[in-house]
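The values are calculated or read from the model by the stated rules, or taken from the named source; none is laboratory data. This structure is a prediction, so every number in the text was calculated from the model and none was measured. Reconstructed Cβ throughout: ideal geometry from the backbone, glycine too, with neighbour counts over all protein chains shown. In case anyone asks, the SASA skips ligands and DNA or RNA and just uses the protein heavy atoms, side chains included. Shrake-Rupley method; radii C 1.70, N 1.55, O 1.52, S 1.80 Å.
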Amino acid sequence: MTEVKLRVYWADCDPAGLVYFGNFFRLIGQAEEELYLRAFQNREKLFEALSVWMPRVEVHANFLSPIRSGRAIRVRLDPQLKGEKTARIEFEVLDDETSAVFATGYVTVVCVDRATFKSRPIPTEIRQALAGG
């Protein structure tokens, strides 16, 4: 499990100063980027070197409480390998100060070949990154 601390900015929010629901997934993506940086290296360079993409094929979120602009949050990621080609990254978004849960959910990714976009087994280096190094 990986935990990343982030700050919510006005640009993440709607006119009421609350994080726009679609931006939750941007914050999850930012935490996922940190997961790769902590465990291995730059995700983009890794995928290029391995000639793969890891597109999202499913996302789900339960929005439990709004996040206001300026809040410090923590995003917890719990990647789980599902067979040879798929990973499900479960997440929680929490208030950094109170640990109140703002959202829970998951993102499912599938490994595909860059040239053909056909599914293929997740390379060992990516498996290691998802497992925390």
Applying the selection to region 43-59, what residues are without any contact (Cβ under 8 Å) to a residue 60 or more places away in the chain and part of a strand (DSSP E or B)?
ARG56, VAL57, GLU58, VAL59
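With respect to GLU32, is the statement that it is open to solvent by 40 Å² or more (accessible area, probe 1.4 Å) and either modelled with pLDDT of 95 or more or closer than 19 Å to THR86 by Cα (or both) true? Explain how you work it out, then say what you get.
Working: open to solvent by 40 Å² or more (accessible area, probe 1.4 Å): no; either modelled with pLDDT of 95 or more or closer than 19 Å to THR86 by Cα (or both): yes.
No; evaluated as a whole, the condition is false for this residue.
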Region 1-31, residues that are more than 16 Å from ASN62 (Cα to Cα) and polar (S, T, N, Q)
THR2, GLN30
Of the conditions (1) more than 27 Å from SER119 (Cα to Cα); (2) loosely packed, with under 15 Cβ neighbours inside 10 Å; (3) in contact with a Lys or Arg (Cβ under 7 Å, 6 or more places away or on another chain); (4) modelled with pLDDT of 95 or more, the single one that GLY17 does not satisfy is (4)
Got a number for residues in region 96-111 being open to solvent by 10 Å² or more (accessible area, probe 1.4 Å) and either closer than 18 Å to LEU46 by Cα or of a type in the set (D, E, K, R) (or both)?
3
Close pairs from region 1-29: first more than 18 Å from TYR106 (Cβ to Cβ) and touching a residue at least 24 places away in the same chain (Cβ under 8 Å), partner in a strand (DSSP E or B) and not aliphatic (A, V, I, L, M), Cβ under 7 Å, at least 6 apart:
LYS5/ARG74; GLY17/ARG68; LEU18/ARG68; VAL19/CYS13
Give the residues of region 61-89 that are open to solvent by 60 Å² or more (accessible area, probe 1.4 Å) and either over 24 Å from CYS13 (Cβ atoms) or out of contact with any Ser or Thr (no Cβ under 6 Å at 6 or more places or on another chain) (or both), sorted by residue number.
PHE63, LEU64, PRO66, ARG68, ARG71, ARG76, LEU81, LYS82, GLU84, LYS85, ARG88
